[in-house]
Amino acid sequence: NYSDVYPGPKNTTKQESGEVQMHLIYDILTLIQQVIPLHAPEMRVSSRYPLPMEQMGQNHGIVVYSTKLPDSMALPAQLDIQLYGDRVYVFTATGDTPVQISSRNRPYTGFTVDEREVFILVEDNGHSNTGHVRYSYQYYQKGIVGNVTANGQVLEDWDAFLVSELLPKQPYGENFNFTRLWNMLSVSPTENRYSAGKYIPSFYWGDVSGLEGDSFVEMIGWGKGILTVLGNQFYNLGRYWPLAGPQHRLFCPSEWCSGPKRGLITTFLVLELEQAPSNLTISVKDTPLVDGPYDESQT
């Protein structure tokens, strides 16, 4: 019997710490316009046409592309993205136009933009280990994988910002530059320049003390994004998507949380892409929730 030879680990005690108050750090525009130029200029890549993630040395994660429409172009303009992988968020600098979202599963063209400066956040949804002969290699690339047009005119002169370089891909060891991380996160919070009902992707943080057991972080009320934890090291807990479900809590092992290096303080960092709850709270629970409501129309 396999279980007799390898009985497996014993069940651990789970800990519930209740609600954690989150705070706005800044929105994604503050990151790419102020923080990256000052603290991490290597996270910016300029090119004539938008490049796929792989050509910029990033195989997965999130990239924000930006360009400007020609002065001679009439506004509003229709923006079309030829091919992308896998989910895009189109927004402008002022936030006057709500974020427009499209995914490869449910493609949409004809984004309407009414400002010269345009931003396109692209998130990958993972890679397939199998392919179909009718699809080219280009289809499986991530990021923007073709031309972007406005009113039929191909747009040139792009900047791309490798946002995922700010987030951990794996546990960071002793050599990780925490000083630069804190410098990048210690910028004055973004002013509320977006009216009710309009939102652009933003970063949030929240501290909890005494979290020493395994737990589950509940993200109900949030939209879609990435949850990370900073304890003794910096770890990526994974992506959450309660708008779609069915998983609504992410497992957080005790080894990744507080420790003597940080005075038993655990910090949660959130990159929220679609919507943040009005109370800006997450909850630390002692039970999982992997079979909650599921809404396929969100995917």
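Here are some notes:
- Normalised contact order of the stretch 205-279, rounded percent, pairs of Cα under 8 Å and 6 or more residues apart: 44
- Note on SER278 and GLU255: their simple-model spin labels are 4.2 nm apart, each label 7 Å out from Cα toward Cβ.
- The alpha-carbon of LYS142 sits under 13 angstrom from the alpha-carbons of these aspartates and glutamates, leaving out residues fewer than 8 places away in its chain: GLU54, ASP86, GLU123, ASP124.
- Each peptide in 79-91, 63-75 receives the mean, over its residues, of other Cβ atoms within 10 Å, and ordering these scores from highest gives 79-91, 63-75.
- Comparing Cα centroids, the stretch 229-286 and the stretch 54-71 end up 27 angstrom apart.
- You can think of it this way: the chain between THR149 and GLN34 has 38.7 nm of extra reach, that is 0.36 nm per residue less the Cα-Cα gap.
- Under 5 Å from the amide H of PHE234 lie the amide H atoms of TYR172, each residue being 5 or more positions distant or on a separate chain, with H modelled from the backbone and absent for Pro and chain starts.
- Here the convex hull built on the C-alpha positions of the stretch 231-294 has a volume of 102 cubic angstrom per residue.
Since every read-out is calculated from the coordinates, none of them should be taken as a lab result. Small disclaimer: the values here were computed from a predicted structure and weren't measured. Cβ atoms come from the backbone with ideal geometry, glycine included; neighbour counts cover every protein chain shown.
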